[in-house]
Amino acid sequence: VGEKKYAKSHSGRMMKRLKKLIKEAVLRDIPVTVNPERIGKETNYKPEKIINVITQQEFLKIAQLKGLSESLENVRKWILIGLLIGQRVSDLLSLKEEQVRFQDDGVALIDIKQIKGGSTVTIPIKNQIVIAILKHKFPYKLSDQNFNRNLKYVCKKAGIDEIINGYKFNPLTKRKELVEAPKFELLASHDLRRSFATYHYDNGVPVTYIMKITGHKRESTFYEYIGKNPNKDLDAYNFLNATS
């Protein structure tokens, strides 16, 4: 951690891999001189997790943004769609028009087979701003790298510039460092999915419903992803509402 200036979390992952390698050597009867259980306990760190999400008010700022170049307007459309479908960037940017079904009640249904895990989900959209994009101005494909870079610029143009804490890559040290910076500088594509999950959780949607769309398999992973502790009272009342 000190000499190489690795992040504590990265050091912990390296120690886990080393222990796994030694255990595999033991299984193959390869002589080892180190007890794997004594390795790396001091590097079993959990770094401070900072969750930054795009709020409903900031969604509206992005939705109302005008005068962008064609390429930035394309990114703006993907941001708005991403905030409403809660998918990983690989699934978001792979979206095609034929995956969208428009219903008579004004709702759009988006069918996605998630690249990670292979689950098939159907996501309902009722926001008319995004439905208009899906129906009349569908965005064109771009790379993850271009999307992440220009997402920050679109958010900057939308005035999402509150000073907040977060992790930012330092090109000099080649490490992510905890900094104070304008919010747009710290946002990335995964924050769209996290914003979706956080917004619906805070508005009382049962966790199991959200997980069916985001693709999380375990509740513990979901709660860690949005930086929340399980709300057992909310779960209890959701149960009552479902059974009444």
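The values are calculated or read from the model by the stated rules, or taken from the named source; none is laboratory data. Only a predicted model underlies this, so the values are computations on that prediction, with no experimental measurement involved. Positions of Cβ are backbone-derived with ideal geometry, glycine not excepted, and every protein chain shown enters the neighbour counts. The protein model used for the area step is the full one, side chains on, heavy atoms only, and it has no ligands, DNA or RNA in it. Shrake-Rupley method; radii C 1.70, N 1.55, O 1.52, S 1.80 Å.
Which one is least open to solvent (accessible area, probe 1.4 Å), of the residues in region 155-170 that are assigned to a strand (DSSP E or B) and β-branched (Val, Ile, Thr)? Lay out the reasoning, then the answer.
So in region 155-170, the residues assigned to a strand (DSSP E or B) come out as 163-170.
Next, only the ones that are β-branched (Val, Ile, Thr) stay: 163-164.
On the way: ILE163: 102, ILE164: 26 Å².
Going through the qualifying residues, I end up with ILE164.
Taking region 135-154 as the region of interest, how many residues are in a helix (DSSP H, G or I) and open to solvent by 10 Å² or more (accessible area, probe 1.4 Å)? Steps first, answer last, please.
Initial filter on region 135-154 (in a helix (DSSP H, G or I)): 135-136, 144-154.
Checking which are open to solvent by 10 Å² or more (accessible area, probe 1.4 Å) leaves us with 135-136, 144-146, 148-150, 152-153.
The total comes to 10.
Across region 225-240, what is the total count of residues that are among the charged types (D, E, K, R), assigned to a helix (DSSP H, G or I) and surrounded by 15 or more Cβ atoms within 10 Å (Cβ to Cβ)?
Taking region 225-240 first, the residues among the charged types (D, E, K, R) are 228, 232-233, 235.
From the residues that got through so far, the ones that are assigned to a helix (DSSP H, G or I) too are 232-233, 235.
Of the ones still in play, those that are also surrounded by 15 or more Cβ atoms within 10 Å (Cβ to Cβ) are none.
Residues flagged as among the charged types (D, E, K, R), assigned to a helix (DSSP H, G or I) and surrounded by 15 or more Cβ atoms within 10 Å (Cβ to Cβ) within region 225-240 amount to 0.
Pairs only if they're at least six apart or on different chains, beta carbon under 7 angstrom, first in region 190-207 and within 16 Å of PHE239 (Cα to Cα), second open to solvent by 40 Å² or more (accessible area, probe 1.4 Å) and among the acidic types (Asp, Glu); list them, first residue then second.
VAL207/GLU219
Pairs, please: C-beta under 7 Å, at least 6 apart or cross-chain, first residue without any contact (Cβ under 8 Å) to a residue 60 or more places away in the chain and more than 21 Å from ASP91 (Cα to Cα) and in region 209-228, second assigned to a helix (DSSP H, G or I) and aromatic (Phe, Trp, Tyr)?
Note: pairs meeting the criteria are LYS228/TYR201.
Can you find a residue in region 193-212 that is of a type in the set (A, V, I, L, M, F, W, C) and part of a strand (DSSP E or B)? First the steps, then the outcome.
Restricting attention to region 193-212, the residues satisfying the condition of being of a type in the set (A, V, I, L, M, F, W, C) are 196-197, 205, 207, 210-211.
Checking the rest, the ones that are also part of a strand (DSSP E or B) come to none.
Taking every residue of region 193-212 in turn, none turns out to be of a type in the set (A, V, I, L, M, F, W, C) and part of a strand (DSSP E or B).
Working carefully through the options LEU178, LEU192, LEU187, find the one that is over 22 Å from LEU109 (Cβ atoms) and open to solvent by less than 20 Å² (accessible area, probe 1.4 Å). Explain how you work it out, then say what you get.
Numbers: LEU178 fails: open to solvent by less than 20 Å² (accessible area, probe 1.4 Å); LEU192 fails: over 22 Å from LEU109 (Cβ atoms).
The unique qualifying residue is LEU187.
Looking only at region 90-134, filter to residues that are part of a helix (DSSP H, G or I) and open to solvent by less than 30 Å² (accessible area, probe 1.4 Å); which one of those is farthest from GLN145 (Cα to Cα)? Working first, answer last.
Keep residues of region 90-134 that are part of a helix (DSSP H, G or I), which gives 90-92, 97-99, 128-134.
Checking the rest, the ones that are also open to solvent by less than 30 Å² (accessible area, probe 1.4 Å) come to 91-92, 130-131, 133-134.
On the way: ASP91: 14, LEU92: 13, VAL130: 23, ILE131: 26, ILE133: 22, LEU134: 23 Å.
Here the answer is ILE131.
Which condition number in (1) within 15 Å of the chain's Cα centre (by Cα); (2) open to solvent by 60 Å² or more (accessible area, probe 1.4 Å); (3) over 20 Å from SER90 (Cα atoms) is the one that TYR201 fails?
Failed condition: (2).
Just checking, does region 3-13 include any residue being under 27 Å from PHE222 (Cβ atoms), in a helix (DSSP H, G or I) and modelled with pLDDT of 80 or more? Give the steps one after another, and end with the answer.
Taking region 3-13 as the starting set, the residues that turn out to be under 27 Å from PHE222 (Cβ atoms) are 7-13.
From the residues that got through so far, the ones that are in a helix (DSSP H, G or I) too are 8-13.
Going one step further and asking which of them are modelled with pLDDT of 80 or more, we end up with none.
Checked region 3-13: no residue is under 27 Å from PHE222 (Cβ atoms), in a helix (DSSP H, G or I) and modelled with pLDDT of 80 or more.
Just the residues that are modelled with pLDDT of 75 or more and farther than 18 Å from ARG194 by Cβ, please, taken from region 36-60.
Selection gives LEU60 alone.
Give the residues of region 213-224 that are in a loop (DSSP other than H, G, I, E, B) and either open to solvent by 70 Å² or more (accessible area, probe 1.4 Å) or of a type in the set (Val, Ile, Thr) (or both), sorted by residue number. Outline the logic, then answer.
The first filter runs over region 213-224 and keeps only residues in a loop (DSSP other than H, G, I, E, B), leaving 215-218.
The answer is LYS217, ARG218.
Take ILE79 and decide whether it is open to solvent by less than 60 Å² (accessible area, probe 1.4 Å), closer than 28 Å to LYS212 by Cβ, among the aliphatic types (A, V, I, L, M) and at pLDDT below 95. Spell out the reasoning first.
Numbers: open to solvent by less than 60 Å² (accessible area, probe 1.4 Å): yes; closer than 28 Å to LYS212 by Cβ: yes; among the aliphatic types (A, V, I, L, M): yes; at pLDDT below 95: no.
No; evaluated as a whole, the condition is false for this residue.
Checking the condition of a type in the set (Lys, Arg) and either more than 25 Å from GLY215 (Cα to Cα) or in contact (Cβ under 8 Å) with a residue 60 or more places away in the chain (or both), which residue from LYS183, LYS141, LYS126 passes?
Values: LYS141 fails: either more than 25 Å from GLY215 (Cα to Cα) or in contact (Cβ under 8 Å) with a residue 60 or more places away in the chain (or both); LYS126 fails: either more than 25 Å from GLY215 (Cα to Cα) or in contact (Cβ under 8 Å) with a residue 60 or more places away in the chain (or both).
Of the residues listed, the single one that is of a type in the set (Lys, Arg) and either more than 25 Å from GLY215 (Cα to Cα) or in contact (Cβ under 8 Å) with a residue 60 or more places away in the chain (or both) is LYS183.
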